[in-house]
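One structure below.
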Amino acid sequence: MIGKLEEKKKNPEEYHLILTTANQIGEISEFRKLMMKYRCAIREVQTKLEVLNEDFSVRNNRNPIEALSSRIKTPESIVEKLHRNHWPITTKSIHDNLHDVAGVRVICSFVDDIYYIADVLLKQDDIRLIRKKDYIKYPKPNGYRSLHLIIEIPIFLSDKKEYMQVEVQIRTIAMNFWASLEHKIYYKFDGEA
């Protein structure tokens, strides 16, 4: 301990830099762990949806799920959202404040399929509904339509079970086309479209 005190007295700027770097390395390690947990949560949700689609196929002789995709927010997008909302830029803040870091998109043919898939998914006893936003019944002013569910799903790690949040967006092929087009137009014209 005396060696550390002496080092701090000799060169306080270098000592501060070492402590800051050590803290950043620790934060990077925690960030990587958190992103791993989000990837695991996505796999859990996708597996559930794939199993449901297989079940629908056998029972009803058709697949209501046309496509599944997923994404993890980029670190830049995460930082921008934390900054815009005046939240601390820490791993704990990401976990506590952001509900859409992990996302799964479900594309269906028909609107009825959207509500059916949401209903059977939410009936599963290990899924907790945190928030539901129905942009189909209540479209955004720009015409955007989709059903958004923020759910918590357990992931099983080597030492514990942990619930992680995933945003599930369910929409039709037509709604997905509009959302993609609107997104491209918005960014092409710098938010002025």
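Using all Cα-Cα distances in region 73-117, what percent lands in each 10 angstrom bin from 0 up to the longest?
24, 36, 17, 21, 1
Using only the alpha carbons, work out the radius of gyration and Dmax of region 70-152 in angstrom.
My reading of the Cα-based Rg and Dmax gives 14.8, 41 Å.
Counting only residues 5 or more places away or on other chains, whose amide H sits under 5 Å from the amide H of Tyr163 once H atoms are built in the peptide plane?
For Tyr163, whose amide H was placed from the backbone, the distant partners under 5 Å are Ile155.
How big is Rg to Rh over region 49-193, alpha-carbon atoms, Rh as the Kirkwood inverse-mean-distance radius? Numbers along the way, then the final one.
Numbers: Rg = 16.8 Å, Rh = 16.9 Å.
The Rg/Rh ratio comes out at 0.99.
What is the extension gain from Trp87 to Arg39, computed as 0.36 nm multiplied by their sequence separation minus the C-alpha to C-alpha distance, in nm to one decimal? Working shown, then result.
Working: separation 48, 0.36 × 48 = 17.28 nm, distance 2.31 nm.
15.0 nm is the gain from fully extending Trp87 to Arg39.
Pop out the Kirkwood hydrodynamic radius of region 20-126 from its pairwise C-alpha distances, inverse of mean 1/r, in Å to one decimal. Write out the running numbers ahead of the final one.
Details: mean 1/r = 0.0627 Å⁻¹.
The Cα-based Kirkwood calculation yields 16.0 Å.
All of the numbers you see were taken from the coordinates with simple rules; none came from a lab. Owing to the predicted nature of the structure, the values given are computational and were not obtained by experimental measurement.
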